[in-house]
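The structure is given below, and queries will be raised subsequently.
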Amino acid sequence: WGELFRGDIAIYTVMVMLGVVLFSLQILIIVTIMPTVVADIGGAPYYVWASMLYQVGAIVGAACIGPLWRAVGMRNGFLITSTVYALGTLGCALAPDMLVLNVARSVQGLAGGLITGGTMGVVSRLFHPSQRTRVLALYQGTWTICSLLGPFVGGGFADMGWWRGAFWATIPFAV
């Protein structure tokens with residue numbers, strides 16, 4: 001286990017974990033803050049769309065990681081993806097209405113899918129076969145922790161009445 005956090009491979013281990021955090025927290029936080037969002041900007045008929053569009057975007061994004069990497073390379077692919085994710089998250093944080101929030105969630109989901117697909121690509125390309133099981137265990141463990149923390153974090157922002165903070169807090173992870 002220690003070898004995953006030493007030497008050149010350590011940065012990739014951390015990158016895989018951060019990818020999970022980015023993707024999963026936004027799935028789980030949004031469910032908790034949506035009542036606060038609707039109370040602030042309206043759009044109750046489109047309440048569920050914020051989650052659905054994120055997931056649809058994520059499916060499309062994950063399917064597009066191969067062509068993106070072939071076109072621009074792995075490093076540039078991650079730079080583009082994290083920039084798009086940050087822009088989608090910024091759009092969510094600044095959304096004046098539900099339409100803008102849902103469009104921004106689509107962008108955020110697309111980039112989230114690219115991040116998730118990219119992290120799986122990193123695992124298969126850069127980790128030795130004997131390390132992959134442990135990296136995937138860390139991936140799943142990180143997802144589990146986010147499953148517990150996401151609603152808690154979202155609830156904290158909702159309780160403060162600052163649902164936009166749930167998005168602002170994510171931007172540093174994308175950067």
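The values are calculated or read from the model by the stated rules, or taken from the named source; none is laboratory data. The structure displayed is predicted, hence computed values, not measured ones. A quick note on method: Cβ atoms are made from the backbone with ideal geometry, for glycine too, and the neighbour counts reach across all protein chains shown. Areas reflect the complete protein model, heavy atoms only, side chains present, ligands, DNA and RNA absent. Shrake-Rupley method; radii C 1.70, N 1.55, O 1.52, S 1.80 Å.
Read phi for every residue in the range 38-51 and hand back ³J(HN,Hα) as whole Hz from Karplus 6.51 cos²θ - 1.76 cosθ + 1.60, θ = phi - 60°, with x for Gly and Pro.
4, 5, 8, 10, x, x, 3, x, 10, 3, 6, 4, 4, 6
Another question, if that's okay. Counting only protein heavy atoms, what percent of the accessible surface of the range 1-121 is carbon or sulfur at a 1.4 Å probe?
For the range 1-121, the apolar C and S fraction of the accessible surface comes to 74 percent.
Ok, one more. Quick check on packing: order 98-110, 31-43, 120-132 by the mean number of other C-beta atoms within 10 Å, highest mean leading.
By packing density, highest mean first, the sequence is 98-110, 31-43, 120-132.
Compute the accessible area per residue over the range 53-143, keeping the other protein chains in place, probe 1.4 Å, unit Å².
Per-residue accessible area for the range 53-143 comes out at 45 Å².
Treat every Asp and Glu Cβ in the chain as -1 and every Lys and Arg Cβ as +1, leave all other atoms uncharged, and give the resulting dipole magnitude about the Cα centre to the nearest 20 debye.
Once rounded to the nearest 20, the dipole reads 500 debye.
Highest GNM mean-square fluctuation, the chain, Cα pairs closer than 10 Å: which of Gly88, Gly161, Gly118?
Per the Cα network of the chain with a 10 Å cutoff, Gly161 tops the list.
On to the next question. Convert 10 °C to kelvin, take the viscosity as 1.306 mPa s, use the Kirkwood radius over C-alpha pairs of the chain as Rh, and evaluate the Stokes-Einstein diffusion coefficient in µm²/s, rounded to a whole number.
Details: Rh = 16.4 Å.
In µm²/s, the coefficient rounds to 97.
Sticking with this one: In terms of the Cα gyration tensor, with a ≥ b ≥ c the square roots of its eigenvalues, is the range 62-155 rounded because a/c is under 1.5, prolate because a/b exceeds b/c, or oblate?
The shape class here is oblate.
Between the alpha-carbon centers of the range 1-58 and the range 152-172, tell me the distance in whole angstrom.
When both Cα centres are located, 12 Å separates them.
Expressed in nm to one decimal, what extension gain is obtained for the pair Leu87 and Met120 from 0.36 nm per residue of sequence separation less their Cα-Cα distance?
Contour length minus the Cα-Cα distance gives 9.6 nm.
According to the square roots a ≥ b ≥ c of the eigenvalues of the Cα gyration tensor, what is the shape class of the range 118-175, taking rounded for a/c under 1.5, prolate for a/b larger than b/c otherwise, and oblate for the remainder?
Oblate, since a/c reaches 1.5 and b/c is not below a/b.
Determine how large the accessible area of Arg164 is when every protein chain is in place; take a 1.4 Å probe and give Å² rounded to the nearest 10.
50
What is the gain in length, in nm to one decimal, between Ala169 and Thr144 on full extension, counting 0.36 nm per residue of separation less the C-alpha to C-alpha distance? Present the calculation step by step, with values, prior to reporting the outcome.
Working: separation 25, 0.36 × 25 = 9.00 nm, distance 1.96 nm.
Taking Ala169 through Thr144 to full extension adds about 7.0 nm, to one decimal.
Helix 98-126 versus the longest principal axis of the chain: what angle, 0 to 90°, nearest 10, using Cα atoms?
10
Okay, next question. To the nearest 500 deg cm²/dmol, what mean residue ellipticity at 222 nm is calculated for the chain from DSSP H runs of n ≥ 4 alone, each contributing -39,500 (n - 2.57), summed and divided by the residues? Display every interim value, and only then the final one.
On the way: 7 runs with 147 residues, N = 175.
About -29000 deg cm²/dmol.
Which residue, Ala93, Val16, Phe173, has the largest displacement toward the positive end of the dipole of the chain when charges sit on each Cβ (Lys, Arg +1; Asp, Glu -1)?
Value computed over the given set: Val16.
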